[in-house]
Amino acid sequence: MGANSSSISELPENEYLQKLSGSEPISENDPFWNQLLSFSFTTPTNSADLKLLEEATISVCKSLVEKNPRTGNLGSLIKVFLSRTKELKISAECQNHLFIWQAHNALFIICCLLKVFISRMSEEELQLHFTYEEKAGPSSYGAECEDLIEELLCCLIQLIVEIPLLDITYSISLEAVTTLIVFLSCQLFHKEILRESIIHRYLMHGRCLPYTSRLVKTLLYNFIRQERSPPPGAHVFQQQTDGGGLLYGIASGVATGLWTVFTLGGVGSKASAQLEQCSPLASQSLLLLLVLANLTDAPDTPNPYRQAIMSFKNTQDNTAFSSSNPHAFQINFNSLYTALCEQQKSDQATLLLYMLLHQNSNVRTYVLARTDIENLVLPILEILYHVEERNSHHVYMALIILLILTEDDGFNRSIHEVVLKNITWYAERVLTEISLGSLLILVVIRTIQYNMTRTRDKYLHTNCLAALANMSAQFRSLHQYAAQRIISLFSLLSKKHNKVLEQATQSLRGSLGSNDSPLPDYAQDLNVIEEVIRMMLEIINSCLTNSLHHNPNLVYALLYKRDLFEQFRTHPSFQDIMQNIDLVISFFSSRLEQAGAELSVERVLEIIKQGAVALPKDRLRKFPELKFKYVEEEQPEEFFIPYVWSLVYSSAVALYWNPRDIQLFTMDSG
């Protein structure tokens with residue numbers, strides 16, 4: 001009895017869908033709606049399922065797009081849904097499966113239709129489909145229903161924030177979140193960032209505005225709770241084995257008609273393996289939250305959803321809310337922190353963490369005060385470690401999170417006090433015991449080296465070096481391997497510098513014999529490499545001048561590779577910074593010479609530790625403290641809005657868009 005795409009292909013001929021998309025207006029009081037909505041199915045759980053469904057029903061949708069301005073059947077369906085949602089809260093409390101089930105089915109159809117409408121028309125055209133006015137009849141609606149879009153948006157938000165999350169309400173809660181994403185998806189079909197949008201205006205003003213903080217809070221809690229989908233049958237009706245009473249006698253024959261495909265092993269009958277391991281509602285709620293938070297400000301109003309994200313506080317914080325922000329609320333920071341630590345494998349969770357650390361000072365202060373900061377930092381380091389497997393945006397977000405954290409001196413001190421055992425994902429070397437600080441240094445240096453040989457992205461270099469620079473004055477008890485890697489990176493830069501210098505010299509000689517051949521622009525390459533070398537020398541110098549006595553392993557590595565620094569001693573770009581490094585190398589070299597030849601590693605380290613106390617620190621030249629602060633680029637929405645929508649496109653549960661229709665980004669972006 002299994003149904004497949006051949007069964008789906010019969011949907012366009014179905015009498016209920018034909019009537020919905022036909023030429024005759026259907027009143028919202030017509031018994032037809034009970035028949036249409038009395039189907040039992042498992043909501044499609046992936047884009048492949050939705051693609052099959054959309055391809056099968058596209059003729060129905062096209063017909064509705066064409067005829068709806070004259071029939072108003074989309075508006076009637078929406079009004080049927082709105083009337084049923086008024087009783088949803090009571091239905092949930094009374095375990096009234098039937099009512100919730102039919103409301104869910106109505107919303108599922110609305111969402112499918114909206115997605116097609118929005119992909120095929122402008123917002124102004126869409127609005128016309130919501131403002132149909134029948135000339136006669138008791139069920140007509142006109143001017144008083146001009147804001148049917150606003151009523152539907154407001155109803156969806158109320159449904160999300162007010163309906164308790166139970167097995168029987170899980171699907172309709174998920175569908176409400178999905179429909180809001182679909183409403184906002186008009187951005188996908190524009191290359192430019194939408195700054196004026198009818199849907200945005202409804203969400204930022206009027207009836208939706210008072211729900212801002214509750215919506216943000218609910219979406220955050222959905223993410224925190226990670227509620228799994230209820231088991232099949234927990235929220236839908238199944239055919240009774242005795243053949244009786246489907247839907248309590250209402251349209252009992254419908255199960256063998258329109259939606260049989262969903263109940264006999266066809267579309268959506270099996271959840272994907274990925275969904276069995278995660279929470280569809282949590283994933284979809286996070287995507288909606290990111291979309292809302294990144295809406296552009298209205299000309300007269302800042303984005304209220306971003307305001308809410310910027311200002312919410314811990315439930316244990318008893319200080320008064322600022323009257324300047326009406327959208328502030330409280331949430332359990334401990335639960336939020338735990339969820340953020342556990343979910344960092346996804347781009348969207350890393351993006352949420354970035355937004356909270358960058359925009360919400362309450363969250364940033366709380367995170368920096370945690371005594372288990374390694375639970376958050378380790379997943380971020382793992383993202384960077386597997387840089388070749390991640391998209392560039394995810395790597396950027398992880399790196400900027402580290403940069404924001406390293407702006408805090410307390411963080412830079414505490415990470416060297418956290419000792420980790422057996423980091424299994426670090427493959428270059430067995431690390432049986434290492435501090436979190438040393439591991440962070442290793443991973444950032446590895447990212448720089450990867451970038452130098454592969455992507456050669458200056459932005460990535462800059463942020464990596466800025467994070468190391470912020471930490472450098474507080475380097476403590478560096479692991480010998482971390483100290484070696486710092487000097488090895490400098491060695492790599494030195495070789496690269498010499499190679500570019502040699503190429504520039506050869507090119508210059510060649511150009512003397514021919515006035516026609518253009519001179520390659522090696523000067524720019526040389527300038528970039530010298531900037532990076534300068535920064536590495538400043539990082540080493542910062543550690544030596546602020547915490548030399550805490551880092552014998554770095555001094556050891558410096559002495560072992562002292563010849564590397566010889567060529568930079570007289571270089572005009574590095575002369576000043578080399579004075580301190582030269583002094584340290586000379587001081588410890590002479591002490592080692594006095595101790596004699598053939599010294600063991602242990603003996604060398606002992607001499608370094610003794611010498612660190614005797615080093616005349618007043619002879620070390622003072623340089624300004626190395627401190628870098630992350631600042632968003634101008635017009636950050638040009639980066640974040642396409643990024644967020646690329647995540648929605650690739651990660652949303654049971655949403656499919658034809659890639660040929662997408663204008664906002666190219667398919668390989670993100």
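Every number here is computed from the coordinates shown, using simple stated rules; none is lab data. Only a predicted model underlies this, so the values are computations on that prediction, with no experimental measurement involved. Don't worry about glycine lacking a Cβ; one is built from the backbone with ideal geometry, like all the others, and counts go over all protein chains shown.
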Contact order normalised by length for region 522-660, with contacts defined as Cα pairs under 8 Å and 6 or more residues apart; what percent is it?
28 percent
With R₀ set to 30 angstrom, the calculated FRET efficiency between the beta-carbons of Gln480 and Asp618, to the nearest 0.05, is 0.55
Between Lys345 and Glu598, what length in nm is gained on full extension when 0.36 nm per residue of separation is reduced by their alpha carbon distance?
86.2 nm
How much length is gained on full extension from Leu209 to Asp409, taking 0.36 nm per residue of separation minus their Cα-Cα distance?
68.1 nm
Starting from the 7 Å offset along Cα-to-Cβ, what nm value, one decimal, do you get for the label separation of Ala427 and Thr371?
3.7 nm
Cross-link partners among lysines for Lys19, C-alpha distance below 22 Å, same-chain residues fewer than 8 apart left out?
Lys62, Lys67, Lys79, Lys115, Lys135
At a Cα cut-off below 18 Å, give the lysines reachable from Lys217, other chains included and same-chain residues fewer than 8 away excluded.
Lys313
Added length on full extension, which subtracts the Cα-Cα distance from 0.36 nm per residue, Glu625 to Ile90
186.4 nm
Could you give the nm distance between label points at Ser586 and Arg201, where each point is 7 Å from its Cα heading toward the beta carbon?
7.3 nm
So if R0 is 45 Å, what FRET efficiency would Ser335 and Glu55 give, r being the distance between their Cβ atoms, rounded to the nearest 0.05?
0.60
Setting aside same-chain residues fewer than 8 positions from Lys458, which lysines have a Cα under 30 Å from its Cα?
Lys191, Lys345, Lys495, Lys496, Lys499, Lys561, Lys622, Lys627, Lys629
Which one of Pro659, Val555, Ile608 is farthest out on the positive end of the charge dipole of region 545-670, using unit charges on Cβ (Lys, Arg +1; Asp, Glu -1) and the Cα centre as origin?
Ile608
